[in-house]
Amino acid sequence: MRRVFTSMYLTLDGRTDPVSFPGDDDPDGSEHEVWMGRYEEFGTLVLGRKAYEDWGEAWSSSVRKKSDPPFFHQHTRWFEQVPKIVFSRTLKKGKFPNTTIERRDPVTVVSQMKQGKGKDISIGGGPTIVRMLMAADLIDEYFFTLLPVVYGRGAQLFADRVSQLNLKLIKSTTERSGVVFLHYRSAKSPDPE
């Protein structure tokens, strides 16, 4: 059985919109170390249409500069090589390599993928898909990058949650910028073998 992971940026009030704050450009921050060494674990990246477009704007080779940090180049290679499933009713075809457009229900598709064989599944957003998969208890592990901001508007990850979600803390790291990295496992998910 494949495991399902998600990684989301969150403000203190649970918003998922991109925000900036004093110190968010700390060159000594380890934000991207969450991904370092994990690429080989993920065999599929699942995205909604908007998240797919956002990832493409940030991580396609067309935006890379030689002067970018090594991690940026590594993440770009992974983004372009990994098979991507994009849930969309409007996209006709993928803009980036290895993209499959999926029109069926995300819960049904990810549930079927999870029962299959292969590497783990990374859910890269957006919040609507993550909420749907959380409600169906399909997510095994959560990587939250908690930003020291109360944003007050925008999409909330837990806004429509009707039942309690119990998580086990695996690891936490605090940056001098105030960013906190939180790695949780769902209490309903078995520990990995």
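The values are calculated or read from the model by the stated rules, or taken from the named source; none is laboratory data. Please read these numbers as outputs of a predicted model, since none were measured by experiment. Cβ: placed from backbone, ideal geometry, glycine included. Neighbour counts: every protein chain shown.
What's the number of the only condition in (1) touching a strand residue (DSSP E or B) at 6+ places or on another chain (Cβ under 7 Å); (2) closer than 19 Å to Gly118 by Cβ that Trp55 fails to meet?
Exception for Trp55: condition (2).
Which residues, taken from the range 39-81, are crowded, with 17+ Cβ neighbours inside 10 Å and either within 20 Å of Arg3 (Cα to Cα) or of a type in the set (Gly, Ala, Ser) (or both)?
Those that are crowded, with 17+ Cβ neighbours inside 10 Å and either within 20 Å of Arg3 (Cα to Cα) or of a type in the set (Gly, Ala, Ser) (or both): Phe42, Thr44, Leu45, Val46, Leu47, Gly48, Ala51, Gly56, Trp78, Phe79.
Restricting the first residue to the range 144-168 and requiring it to be without any contact (Cβ under 8 Å) to a residue 40 or more places away in the chain, which pairs with a second residue that is not in a loop (DSSP other than H, G, I, E, B) meet a Cβ separation below 7 Å and a spacing of at least six or different chains?
Hits for this filter: Asp160/Arg131; Leu165/Met134; Leu167/Tyr142; Leu167/Tyr184; Leu167/Arg185; Leu167/Ser186; Lys168/Tyr184; Lys168/Arg185.
Six or more apart or on different chains, Cβ under 8 Å: which pairs go from a residue in the range 169-193 that's at positive phi to one that's not in a strand (DSSP E or B)? Could you list them?
Matching pairs, first to second residue: Gly178/Phe21; Gly178/Gly23; Gly178/Pro148.
So how many residues does the range 138-156 have that are at pLDDT 90 or above, of a type outside the set (Phe, Trp, Tyr) and closer than 15 Å to Thr6 by Cα?
Going through the range 138-156 one residue at a time, the tally reaches 5.
In the range 92-119, what count of residues is obtained for those that are at pLDDT below 95 and either hydrophobic (A, V, I, L, M, F, W, C) or crowded, with 18+ Cβ neighbours inside 10 Å (or both)?
Selection size over the range 92-119: 1.
How many residues are part of a helix (DSSP H, G or I) and among the small types (Gly, Ala, Ser) if we restrict to the range 45-82?
Summing the residues that are part of a helix (DSSP H, G or I) and among the small types (Gly, Ala, Ser) in the range 45-82 gives 5.
Only one of these is loosely packed, with under 12 Cβ neighbours inside 10 Å and either farther than 19 Å from Val46 by Cα or of a type in the set (Lys, Arg) (or both): Leu182, Leu146, Leu169. Name it.
None of the others qualify; the one that does is Leu169.
Consider Phe5 carefully, then state whether it is modelled with pLDDT of 85 or more, closer than 30 Å to Pro190 by Cα and assigned to a helix (DSSP H, G or I).
no
If we scan the range 65-74, do we find a residue that is out of contact with any Phe, Trp or Tyr (no Cβ under 9 Å at 6 or more places or on another chain), more than 20 Å from Phe181 (Cα to Cα) and modelled with pLDDT of 85 or more?
The answer is yes; a qualifying residue exists.
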